[in-house]
1. With Ile540, Ile560, Ile548 as the choices, which residue is within 55 Å of the chain's Cα centre (by Cα) and either crowded, with 21+ Cβ neighbours inside 10 Å or part of a strand (DSSP E or B) (or both)?
2. Count, please, the residues in the range 469-514 that happen to be among the aromatic types (Phe, Trp, Tyr) and buried (at least 18 other Cβ atoms within 10 Å of the Cβ).
3. Return yes or no: is Arg529 out of contact with any Leu (no Cβ under 9 Å at 6 or more places or on another chain) and within 23 Å of Gln669 (Cα to Cα)?
4. State yes or no: is His616 outside any loop (DSSP other than H, G, I, E, B), out of contact with any Pro (no Cβ under 6 Å at 6 or more places or on another chain) and either in the same structural domain as Arg588 (by TED's automatic domain parsing) or modelled with pLDDT of 85 or more (or both)?
5. Residues of the range 53-83 being closer than 20 Å to Trp118 by Cα, in contact with a Pro (Cβ under 7 Å, 6 or more places away or on another chain) and exposed (fewer than 13 other Cβ atoms within 10 Å of the Cβ), which ones?
6. For the range 564-601, give me each residue that is out of contact with any Ser or Thr (no Cβ under 8 Å at 6 or more places or on another chain), part of a loop (DSSP other than H, G, I, E, B) and either basic (Lys, Arg) or without any contact (Cβ under 8 Å) to a residue 24 or more places away in the chain (or both).
7. Report, ordered by the first and then the second residue, all pairs with beta carbons closer than 6 Å, sequence separation of six or more or different chains, a first member in the range 450-468 that is within 14 Å of Arg492 (Cα to Cα), and a second member that is of a type in the set (Gly, Ala, Ser).
8. Test Tyr100 against the stated conditions and say whether it is aromatic (Phe, Trp, Tyr), assigned to a loop (DSSP other than H, G, I, E, B) and surrounded by 17 or more Cβ atoms within 10 Å (Cβ to Cβ).
Amino acid sequence: MVDQLQSVLAGGGFELRQWASNTPSTISHLPVASRSDSAEQWIAKGNAINHESVLGLQWNCETDTLSYKLRAVECREVTMRNIYKVLASQYDPLGYIIPYTTRAKVIVQRLWEKKRDWDDPKLPENLVNEWNRWAGELSNLQKIVLPRCYCSAPKDDVSSQREIHIFCDASESAYGSVAYLRTEDQKGEVEITFIVARSRVAPKKRLSIPRLELCAALTGAQLAKILQNELTLPIHQVFIWSDSTTVLTWIKSESCRFKVFVGTRITEIQDLTSCCEWCYVHSESNPADDITRGKRLAELGPQSRWNTGPTYLQLKSDQWPVPPPSCSIAGDELRNSTFCGLTNTVLRLSIPDPSQFLTFQDLLTATVESLGEHGINVSAEDFRQAEMAILQQAQGESFPSEMAQLTAGKPLQTNSRLLCLAPELEAASKLLRIGGRLRRCEEIEPESMHLIVLDPRHPVTTLLIKDYDTKLFHPGPERILAEMRRKYWILRGREAIRRYKRKGCPVCQKFRKNPQIPRMADLPPARLRLFKPAFYSTGIDCFGPYSIKIGRRSEKRWGILFKCMTTRAVYIDLLPRLDTDSFLMALRRFIARRGKPFEVLCDQGTNFKGGEKELHRTYVELVPELQEQLASQQIIFRFNPPHAPHFGGCWEREICSLKQALQVTLGTQPITEETL
């Protein structure tokens, strides 16, 4: 792997140096200049230098362990600036010394209780003494040693069972979580390894202990999600431990029952983890308790609880702590809930479901049969009563609150959709109609003054729109709206009619649908002659005529345009006549100036077709020897289909631009052939 990595990076001009390994034979074949000093001394003399710098830590190649660097910071006096300088210099990516650094963070928080200058030496004596005791322990930092591997070689096997155990705890000063990897091989032997830890100082605003425990549980849930995403080892199960029965009860409850602070954190915890992953641990067995209480560096040795985790993890899972009986939820964190109920009684008539019918007339007929006697004689009054019943049910389903308020004689609510229409409830028909100021007009029928209000998305409204659309032979939306407003007022009527004509009426879709734009075809081969000379494939067309002055008489001249199909280069010449001889002479001048084209594309003009025949006849009449030499040099003529000028669009556009320029430049003035 070393050789492969070097060869791959060497291909890009990168040379790897400073090679080091816990197995000297792996890099012994490398040049001396490519090995680090410690590796070279180990290979050459058999003894290794104590440490190798790796990612801010120190790596002992011989023991394959990581240790911390002691970064000495000179501080003549204790000020806020110097305290931060010392605290920030402690690089701890894994969080192993968090029980030690959390003590310093709490001291800093207490120092900021009063506003101070960065270089103010007058700090409280008790806090300065605590800081000095903390700083005096930094000499023990180099004694802390961590194994680089998560588990020993015998247990690093696919068959081993790996579990993540995260412990959470909080106090009035800080909260945090710590994660361990539990590896159990097939023999039942267990090994516990420290992975990572995170901590937070408690906020200045005083929180209750259950809330702080909940914050600690949230850090544990976030830590579990990060480890599951980032660890490349196969993890079979995750356990998150807390010594707060209140928090465990909260996590297994619905978040909507609690106040905002607790509810939002419970929601995030439930999104990151599942309830079955949470377990109870006794406070005396919780290693996260070291974060909240703080520890001296000398107490974080390899045999400490902080390094090895609780002792019960060495046992089988059936011997782990059993959760206590579930406790009651703290009442001060619950929302004050109030039940609000509304009983609404709506008169239901025996009217068929309008969504089951294709036309309004079918619905009307079925309603007549369901409301009246099944007799033969059905009058117009029966149909009118059926129509009123259909509209009453549609309004009752669409506007239940408005109907109830108007029936009780109360004004509409300010958020009602009908407020701007000033609706009224007709006493005789019990229909909801729009108001107005035309009651004294005797020439207009009352039904046309006070229209029936309908919901645009109700099935009855859709059937009415379909009925009017069919009777009026599928006109535009404005015509249908004008006819319907003789009797009905549909909220957002134009939108409802357009929606029906766009989706519900196949006849309107057939005649009013926009045609589909066809896809462009592939470019012809003549436009894709890459790496060929200019005018290899040439399009030709003529334009004109233009009048010129020769002495006292006036004659006509035409223009001929040669356009390269690939490079878009243009060549223009004059033609005295539109015949074959003039075209052939222009083609000869073009070949002498720009070179012979491989193919010529043009429309089916008589001069072009005559030129093609003339060239072919001349080619056939050549002697056989010369004909064989010129066989590969003859020009291929490709004619566009008849009445298809769009096939020559690329040169037709150039002719349009040229004719416009000549029209503006020349106008109607006579010019000579030389000027043209």
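1. On the way: Ile560 fails: within 55 Å of the chain's Cα centre (by Cα); Ile548 fails: within 55 Å of the chain's Cα centre (by Cα).
Exactly one residue qualifies, and that residue is Ile540.
2. Selection size over the range 469-514: 3.
3. Against the criterion (out of contact with any Leu (no Cβ under 9 Å at 6 or more places or on another chain) and within 23 Å of Gln669 (Cα to Cα)), Arg529 does not qualify.
4. Yes; evaluated as a whole, the condition is true for this residue.
5. The one that is closer than 20 Å to Trp118 by Cα, in contact with a Pro (Cβ under 7 Å, 6 or more places away or on another chain) and exposed (fewer than 13 other Cβ atoms within 10 Å of the Cβ): Glu77.
6. Scanning the range 564-601 gives Arg568, Arg577, Lys596.
7. The qualifying pairs are Asp455/Ser398; Pro456/Ala496; His458/Ala394; His458/Ser398.
8. Numbers: aromatic (Phe, Trp, Tyr): yes; assigned to a loop (DSSP other than H, G, I, E, B): no; surrounded by 17 or more Cβ atoms within 10 Å (Cβ to Cβ): yes.
For Tyr100, the condition - aromatic (Phe, Trp, Tyr), assigned to a loop (DSSP other than H, G, I, E, B) and surrounded by 17 or more Cβ atoms within 10 Å (Cβ to Cβ) - is not met.
The values are calculated or read from the model by the stated rules, or taken from the named source; none is laboratory data. Computed from a prediction, not measured in an experiment: that's the story for all the values here. In this analysis, Cβ positions are derived from the backbone assuming ideal geometry, glycine residues included, and neighbour counts consider all displayed protein chains.
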